[in-house]
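Have a look at the structure below, then the notes.
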Amino acid sequence: MKRIAILTSGGDAPGMNAAVRAVTRRAIYEGMEVYGINYGYAGLVAGDIRKLDVPDVGDIIQKGGTCLYSARYPEFATEEGQLKGIEQLKKFGIEGLVVIGGDGSYHGALALTKRGFPAVGIPGTIDNDIPGTDYTIGFDTAINTVLDAIDRIRDTATSHVRTFIIEVMGRDAGDIALWAGVAGGADDIIIPEHDFDMAQVAEKIRAGRDRGKKHCLIILAEGVMPGSEFAKQLEVYGDFHARVSVLGHIVRGGSPTARDRVLASKFGSYAVELLKEGRGGLCIGSLNNQLVAADIVETLEQKKHQPDLSLYDLNHQISF
Ligand code: ADP
Ligand code: F6P
């Protein structure tokens, strides 16, 4: 392939810029041309496409968000949207597309591939919920942001002898809650992938109080229920001086960690390597620290992401 394009789609994630930079620079290094598509699939359908040169991706490796912008554009799930998108790509003479995004964005890449246009997916989402990779771009930064918040909340929880329910993003996945919870010494981690018993949660808080423990931190994944609802259900078992803190979109922003920048650089460069060889219809991942490329159709249709539930057991064993 001689001319490729790149877009970022769905929820932005820290490190997306590092991936855009890597795709652009590696393609230019290989003598290829790169086009940037603004606003994800919305910009693709609208033809919001521009050529990217070396300086266009300078000074972005350290920035959160995405310099190509992003969008939620449900219309791309329709045949009409996809055909219009392919028409635009052909109009610009583009032969392959790199899609950086989460699960939904991957479905867009899958649709293009099924229609005969080669797309390569790079996992970029704070949720870490993409099959075919151990880690997604943005996850490491997100858990470190949550961790910083947990440490701060711990200070005030201790001072006031309070229970805090800290609600974190993750859509239907509990990875952010699990990792940040273990790192932050949470008393309990509540995730969609594991049952919990509110009576036991209350008992644990009570036992801690009886031992003289001042703070209690519960990390709640948004996919289970809102923090306010959790607090209401906990109240049935007693007054634990509970406060709810919803971290929300704060966790999506900020400068990417070194780990996210390196992962993004590796993924971006590898995506170009594959397209240069004329290989599309793939999604990139890192499994056991090895770069892998798997069939995007097979991965999305047959594999499901599972969080590392050993972290759940670990927390149960060491946090009380
Ligand atoms: P994320 O990629 O972070 O999971 P979304 O679920 O919002 O975020 O998906 C991003 C975009 O991908 C959607 O706005 C839409 O344009 C496209 N998309 C999502 N699902 C599909 C689908 N089934 N077919 C085609 N495109 C899709
Ligand atoms: O997929 C990333 C994510 O931040 C999820 O964790 C969250 O549920 C969702 O996006 C929020 O979406 P929006 O930014 O559209 O409110």
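Here are the numbers for the structure shown:
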| read-out | value |
| --- | --- |
| Subset of the range 2-58 (residues that are open to solvent by 50 Å² or more (accessible area, probe 1.4 Å), closer than 25 Å to G81 by Cβ and part of a loop (DSSP other than H, G, I, E, B)) | Y39, D48 |
| Matching option when the condition is in a loop (DSSP other than H, G, I, E, B) and not polar (S, T, N, Q), among D148, D127, D140 | D127 |
| Residues satisfying the stated conditions in the range 93-106, i.e. crowded, with 20+ Cβ neighbours inside 10 Å, more than 16 Å from ligand 2 (Cβ to nearest atom) and not in a strand (DSSP E or B) | I94 |
| Selection count, the range 59-89, where residues are assigned to a loop (DSSP other than H, G, I, E, B) and either within 16 Å of ligand 1 (Cβ to nearest atom) or among the hydrophobic types (A, V, I, L, M, F, W, C) (or both) | 13 |
| Residue match in the range 189-196 (condition: in contact with a helix residue (DSSP H, G or I) (Cβ under 7 Å, 6 or more places away or on another chain), within 12 Å of ligand 2 (Cβ to nearest atom) and not charged (D, E, K, R)) | no |
| Complete set of residues in the range 281-304 that are part of a loop (DSSP other than H, G, I, E, B) and either open to solvent by 30 Å² or more (accessible area, probe 1.4 Å) or at pLDDT 95 or above (or both) | N288, N289, K303, K304 |
| Residues (in a loop (DSSP other than H, G, I, E, B) and surrounded by 12 or more Cβ atoms within 10 Å (Cβ to Cβ)) located in the range 226-242 | P226, Y237, G238, F240, H241 |
| Only one of A109, A173 that is closer than 30 Å to F76 by Cα, of a type outside the set (S, T, Y) and in a loop (DSSP other than H, G, I, E, B) | A173 |
| Number of the exception - V182 against (1) away from ligand 2 (no atom under 12 Å from the Cβ); (2) under 23 Å from C67 (Cα atoms); (3) not basic (K, R) | (2) |
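The values are calculated or read from the model by the stated rules, or taken from the named source; none is laboratory data. Keep in mind that what you see is a predicted model, and the values were worked out from it rather than measured. Counting neighbours? That spans all protein chains shown, and the Cβs are built from the backbone with ideal geometry, glycine included. Side chains included, ligands, DNA and RNA excluded: accessible areas come from the protein's heavy atoms. Shrake-Rupley method; radii C 1.70, N 1.55, O 1.52, S 1.80 Å.
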